[in-house]
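The values are calculated or read from the model by the stated rules, or taken from the named source; none is laboratory data. Keep in mind that this is a model prediction, so the values were computed, not measured. Counting neighbours? That spans all protein chains shown, and the Cβs are built from the backbone with ideal geometry, glycine included. Just so you know, the surface numbers come from the protein's heavy atoms only, side chains and all, with ligands and any DNA or RNA stripped out. Shrake-Rupley method; radii C 1.70, N 1.55, O 1.52, S 1.80 Å.
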Amino acid sequence: MPRTITILGSTGSIGTQTLEVLDTLSAQGAGDHADTFVVRWLTCNTRVADLVPQVRKYKPYGVAIRDEAACAQFKSLCPDFTGPVLCGEEGLCEAAADPANTIVMSAMVGFSGVVPTVVAIRAGHPIALANKESLVSAGEYITGIAREQGVPILAVDSEHSAIAQCLVGEELKSISRIVLTASGGPFLNTSTEQLDDVSPEQALKHPNWMMGAKITIDSATLMNKGFEVIEARWLFGVHASQIDVVVHPQSIIHSLVEFVDGSVKAQLGIPTMHIPIQYALTYPRRLASPVQPMSLTKLGSLTFFEPDHQRFPCLKLAFDALEAGGTAGCIVNAANEVAVHAFLNKHIRFTEIPRVIERTLESMKNQQNPSLPTILETDAEARIIATHLTTSRLVSQ
Ligand code: NDP
Ligand code: MG
């Protein structure tokens, strides 16, 4: 039987690349239905103009649209679509929980991914997880319910896919250290003084990856790597002290695992999300992919540096949040979302992003072992505080 996939966030960078991977799999899967997929639900927030061609091509059973006005607009843009059209967060949750799903791709951006991911896990569906913010905000809770339900969480993030690939056939207790590689982003060689004046346009020019705006800014501040440290802790059960970050500007080694016997495994490949997306969908099997082969001799050399914590304080903020545990990750994530949004709208400077996060953390109490309602309340409260900081320009003082 072909498998049934629901893609939460199908109009985004990961969502559209997931659909491209499905094209590849269906082109070669004629004789083997285990690796072909029927699209069950496609979901988005506002970009219904991008959803309509996906609906025409992939003929999903239904669509779910978060924004109510966009949902109404979809119905007028696509009057011939006869499947269910669900609106709002309840609609996304209904799609995520649908008993007909055999896998759910969680590719929404930010905290918006938490509740639909939780709902999909509670329904017992394996998750292909791109939405790292759900583990940053609610890693302990989400991995707890996934364990209870026996639901696998398959990493889509390239670094975590690399680690998972290095761990095939290994026991988690043999890990001595995980090394996450970071491209360093567009400001790898920008001085502290220059960082004060960088524009959103400059920050959105990532040297190696084409991604959504929010993660591209997170890559420029190195918060993305900080989030990946937290994500690695929850996916692989390692302690914060066992996770290192190394800057590797070529993005060819996607991450490494050092084992207790001193052996180190790495996963390499050209920087394309098609490889980790496909691996999550076909795991534990590997299927052919049209991605270009990697040539070590053409690459010539691979380089590595220590990250500069002074110029990129977000990385340490994330490590500290992981050490603190409880709701600290949720606060950092919410404040970061607000600060990135404010930076993109030119309300704050690039270097003020970490200050918003720090001040929000200082204003809130950390709560250990948070329940889902506590996580939702913490996110809402942190957003109010961070928004106040960005609009009143308190961070520039
Ligand atoms: P995009 O911004 O490109 O896409 C986000 C998707 O989520 C879109 O479909 C968007 O809908 C939808 N969405 C946004 N806000 C909401 C909301 N409030 N409610 C419901 N749906 C919403 O992001 P990316 O694809 O780049 O990233 C998605 C996730 O994957 C992020 O967590 C990111 O960190 C992670 N990731 C991304 C990588 C990449 O290469 N892009 C690599 C590794 C991880 P609409 O189009 O209507 O706005
Ligand atoms: Mg990554």
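Normalised per residue, the accessible area of the chain is 42 Å², obtained with a 1.4 Å probe and no contribution from ligands, DNA or RNA.
Within the straight-line cut-off of under 18 Å between alpha carbons, the lysines reachable from LYS346 are LYS205, LYS214, sequence neighbours fewer than 8 places apart in one chain being disregarded. Karplus-derived 3J(HN,Hα) values for the stretch 211-220, using 6.51 cos²θ - 1.76 cosθ + 1.60 with θ = phi - 60°, are 9, x, 4, 5, 5, 5, 5, 4, 6, 5 Hz; glycine and proline are entered as x. For the chain, modelled as a GNM whose springs connect Cα atoms under 10 angstrom apart, the maximal fluctuation among ILE375, ILE145, ILE217 occurs at ILE145. Zone of ILE145 (label point 7 Å along Cα→Cβ, backbone N under 11 Å): which residues in the stretch 92-107? Output list for this probe position: 97. Phi angles of the stretch 15-21 translate, via the Karplus equation with coefficients 6.51, -1.76, 1.60 and θ = phi - 60°, into HN-Hα couplings of x, 5, 5, 5, 5, 5, 5 Hz per residue; Gly and Pro are given as x. With all pairs of different C-alpha atoms in the average, the Kirkwood value for the hydrodynamic radius of the chain is 21.5 Å.
Here the 3J(HN,Hα) profile of the stretch 300-308, calculated from phi with Karplus coefficients 6.51, -1.76 and 1.60 at θ = phi - 60°, is x, 9, 10, 10, 9, 9, 6, x, 8 Hz, Gly and Pro shown as x. Rounded to the nearest 20 debye, the dipole magnitude of the stretch 1-93 is 160 debye, with +1 charges on Lys and Arg beta carbons, -1 on Asp and Glu beta carbons, and the Cα centre as origin.
Spacing of the modelled spin labels on SER363 and ASP320, each 7 Å from Cα toward Cβ, amounts to 1.7 nm.
Of the peptides 351-362, 59-70, the order by per-residue mean of other Cβ atoms within 10 Å, starting with the highest, comes out as 351-362, 59-70. Near the amide H of CYS87, within less than 5 Å, lie the amide hydrogens of ILE65, all on another chain or at least 5 residues away, with H placed in the peptide plane.
Per-residue surface analysis assigns LYS225 an accessible area of about 10 Å², computed on protein heavy atoms at 1.4 Å probe radius. Within the accessible surface of the stretch 1-88, defined with a 1.4 Å probe on protein heavy atoms only, the carbon and sulfur portion equals 55 percent. When the charge dipole of the chain is built from unit charges on Cβ atoms (+1 for Lys and Arg, -1 for Asp and Glu) and taken about the Cα centre, the candidate among THR221, SER199, PRO307 whose Cα reaches farthest toward its positive end is SER199. Its Cα centre serving as origin, the chain has a Cβ charge dipole (Lys and Arg +1, Asp and Glu -1) of approximately 580 debye.
Using a 1.4 Å probe on the protein heavy atoms, what percent of the accessible area of the stretch 214-316 belongs to carbon and sulfur? The computed percentage sits at 57.
Once each part is reduced to its C-alpha centroid, what is the distance from the stretch 368-397 to the stretch 278-313 in angstrom? Using only Cα atoms, the two centres lie 34 Å from each other.
Fully extended, how many nm does the chain gain between ASP67 and THR46 (0.36 nm per residue separation, minus their Cα-Cα distance)? Additional length available on full extension: 7.0 nm.
Measuring between their Cα centroids, the stretch 150-172 and the stretch 64-79 lie 36 Å from each other. Highest mean packing comes first when the peptides 269-282, 86-99 are listed by Cβ atoms within 10 Å, giving 269-282, 86-99.
With contributions of -39500 (n - 2.57) from each DSSP H run of at least four residues, the per-residue ellipticity at 222 nm computed over the chain stands at -14000 deg cm²/dmol.
The HIS309 and THR391 beta-carbon pair, evaluated with R₀ = 30 Å, returns a calculated FRET efficiency of approximately 0.60.
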